[in-house]
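Throughout, read-outs are computed from the coordinates displayed, never taken from laboratory work. Keep in mind that this is a model prediction, so the values were computed, not measured. Here the Cβ positions follow ideal geometry from the backbone for every residue, glycine too, while neighbour counts run over all protein chains shown.
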Amino acid sequence: MTSGDRAAEPGAPEPIPASAPPVFADPLDGAAGRPPLDADGIVVDEVARSFGSVQAVRQMTFHARPGRVTALIGPNGAGKTTLLLMLASLLAPDAGQIRIAGADPMRDPRAVRRAMGWMPDVLGTWRTLSPRQILTTVGRLHGMPTAAARARADELIVQARLEELARRPSRVLSRGQQQRLGLARALVHRPRVLLLDEPAAGLDPTSRLELRELLRGFAAAGGTVLISSHDLSELDEIAEDAVFVDRGEVVGGERLVLARQAAREWRIRALDPQALSYQLAHIGVAFDRVRIDGDVAHVALDREEDAADVLARLVRAGVPITHFAPAVGDIERTYLSLAGGRR
């Protein structure tokens with residue numbers, strides 16, 4: 001989706017350049033402590049939910065802040081879907097409190113739905129209606145006058161790059177096109193909070209870049225974004241904060257600190273792989289921390305300072321380095337470390 005039209009609207013988010021990388025904050029920022037209930041954004045305080053004897057969510061507490069994109073991360077069965085349904089006012093918690101832009105989803109669901117754009121993983125649609133008709137109808141359901149709803153639908157059709165399909169039945173849309181339509185639906189009423197479940201599923205690379213730009217722009221204008229996805233590399237490109245959940249609980253404290261301190265794998269490529277392999281051993285990198293795969297060396301290093309030192313010493317030794325970068329991002333590294341400790 002493109003953001004040029006959106007930026008021209010009064011009060012609409014100003015997009016930031018797609019090349020500007022987000023700054024990844026400590027996941028503890030979004031998971032530790034008990035945020036005040038009157039804080040803006042999304043506040044989850046000691047929330048619990050069970051289904052019979054199964055505790056799907058256990059005393060979850062975190063704050064997804066305005067102006068930030070927050071990732072919600074965890075394995076299947078961790079409680080993410082149950083939590084998202086409670087945030088969307090579709091499921092009542094057994095205990096605890098939730099606030100969406102200051103409103104309680106159970107006491108004032110209308111206020112929450114006015115403030116929130118909700119894009120579930122699978123969103124049913126009217127298969128015989130066109131994208132333009134669907135967006136217009138959603139606008140009308142949000143209380144927009146017919147003319148305003150039609151105008152907003154036309155704007156979002158352009159942003160979603162669905163112009164050629166705007167008047168076709170929605171049943172002809174591909175998976176990626178349905179995703180773009182789903183995001184457009186979430187944006188119809190210009191919400192302050194976006195709740196997204198697997199929004200990049202089925203999107204082509206161009207659409208993924210446009211999604212990043214749109215979400216960063218939305219957050220930069222003061223909006224709150226909570227995004228759940230299994231595509232950890234994609235989250236590393238978008239998210240600034242992260243909330244890790246496991247077995248219905250927010251992962252915090254020592255377990256999360258230790259996970260973030262785990263050694264990171266770096267990918268190193270050189271024009272002369274033999275020289276690279278020789279020099280890694282020569283400068284003292286332990287044999288069990290190096291894995292050679294063709295012309296690429298995968299090296300486990302504890303700190304970024306260690307990586308900088310290894311790179312400097314390889315360059316001084318005359319090794320023709322062409323690539324030196326982390327094999328995975330911060331979010332993916334933390335998740336993989338948590339998953340390894342979970343077994």
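Of the chymotrypsin sites (Phe, Trp or Tyr not before Pro) found in the stretch 196-276, not one falls in a DSSP loop while having at most 13 other beta-carbon atoms within 10 Å. Note on LEU209 and ARG289: their simple-model spin labels are 3.6 nm apart, each label 7 Å out from Cα toward Cβ. Estimated from helices alone, the mean residue ellipticity of the chain at 222 nm is -10500 deg cm²/dmol (sum of -39500 (n - 2.57) over DSSP H runs with n ≥ 4, per residue). Within the set [x] 72, 48, 33; [y] 65, 59, 47; [z] 59, 50, 32, the number that Cα extents along the principal axes in Å takes when calculated for this structure is listed as [x].
Annotation: the residues ARG269, ARG132, sorted from fewest to most other C-beta atoms within 10 Å of their own C-beta, follow the order ARG269, ARG132. Indicate the gyration tensor shape class of the stretch 48-196 (rounded, prolate or oblate), computed on the Cα atoms with a ≥ b ≥ c the square roots of the eigenvalues: a/c under 1.5 is rounded; otherwise a/b larger than b/c is prolate and the rest oblate. Cα axes put the stretch 48-196 in the prolate bin. Fewest-first ordering of TYR335, TYR278 by other beta carbons within 10 Å of each residue's beta carbon gives TYR278, TYR335.
Comparing GLN274, GLN261, GLN179 in a Gaussian network model of the chain, where Cα atoms under 10 Å apart are tied by springs, the biggest mean-square fluctuation is seen for GLN274.
Taking the chain as a Gaussian network of alpha-carbon nodes connected by springs under 10 Å, the highest mean-square fluctuation of the residues ALA286, ALA184, ALA56 belongs to ALA286.
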